[in-house]
Amino acid sequence: MKNEKIKMYKERYLGEIRKFIFEERGRYRFEIETHHSLQSDLGIYGVDASEFILNFSNKFGVNISNFDVDKYFMPEGYYSIHEEYPNLTIGDLLTSIEKGILS
């Protein structure tokens, strides 16, 4: 029963995150799933990433005071094949809604 509630909770919020992404970024050619990376798969980086995270925080009530955008997203107009950024995924956003913090 508990696992069922958790699954329903995550499905509900996954739907809300999908809707939020559509409102912020438009449609993608694929259905957004928990494994998708904001930068690698959705092409969110630079100033857009900062705005996206701030708007996400406001919409879902997630604390981002300790979140370092520069750790996860490359800056505008920057590309390096030598620099790796950790993936911030849709699943991470779901977890942040559950915990109330993205760090």
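The values are calculated or read from the model by the stated rules, or taken from the named source; none is laboratory data. Please read these numbers as outputs of a predicted model, since none were measured by experiment. Note: ideal-geometry Cβ built from the backbone for every residue, glycine included; neighbour counts use all protein chains shown. SASA here: full protein model, heavy atoms, side chains in, ligands and nucleic acids out. Shrake-Rupley method; radii C 1.70, N 1.55, O 1.52, S 1.80 Å.
How charged is the neighbourhood of Phe56? Take every other residue with its Cβ under 13 Å from the Cβ of Phe56, and add Lys/Arg as +1 and Asp/Glu as -1. Mind dumping the intermediate values first?
Details: positive: Arg18, Lys19, Arg25, Lys59; negative: Glu16, Glu23, Glu24, Asp48, Glu51, Asp92.
Neighbour charge sum, excluding Phe56 itself: -2.
Using amide H atoms built 1.01 Å from N in the peptide plane, name the residues 5+ places from Asn63, or on other chains, whose amide H lies under 5 Å from its own.
Residues meeting the criterion, in which the H sits 1.01 Å from N, are Ile101, Leu102.
Considering amide H positions built from the backbone, and no H for Pro or chain starts, which residues 5 or more places from Ile32, or on another chain, come under 5 Å of its amide H?
none
Given a 1.4 Å probe and every protein chain left where it sits, what share in percent of the accessible area of the chain is carbon and sulfur? All intermediate terms of the calculation are to be shown ahead of the outcome.
Numbers: 3210 of 6860 Å².
Solvent-exposed carbon and sulfur of the chain make up 47 percent of the total.
For a test of understanding, tell me how many lysine pairs in the chain have Cα atoms under 15 Å apart, given they are 8 or more places apart or on different chains.
Details: Lys2/Lys10; Lys10/Lys19; Lys10/Lys99; Lys19/Lys59; Lys59/Lys99.
Count of close lysine pairs: 5.
So if each residue of separation counts as 0.36 nm, and I subtract the Cα-Cα distance between Lys59 and Glu83, what length gain in nm does that give?
Working: separation 24, 0.36 × 24 = 8.64 nm, distance 3.11 nm.
Gain on extension, Lys59 to Glu83, equals 5.5 nm.
Given a 1.4 angstrom probe, what's the average accessible area per residue across region 1-67, in square angstrom?
On the way: 4560 Å² over 67 residues.
That works out to 68 Å² per residue.
Quick check on packing: order 41-51, 62-72, 23-33 by the mean number of other C-beta atoms within 10 Å, highest mean leading.
On the way: 41-51: 16.7, 62-72: 13.5, 23-33: 10.7.
Answer by packing, highest mean first, reads 41-51, 62-72, 23-33.
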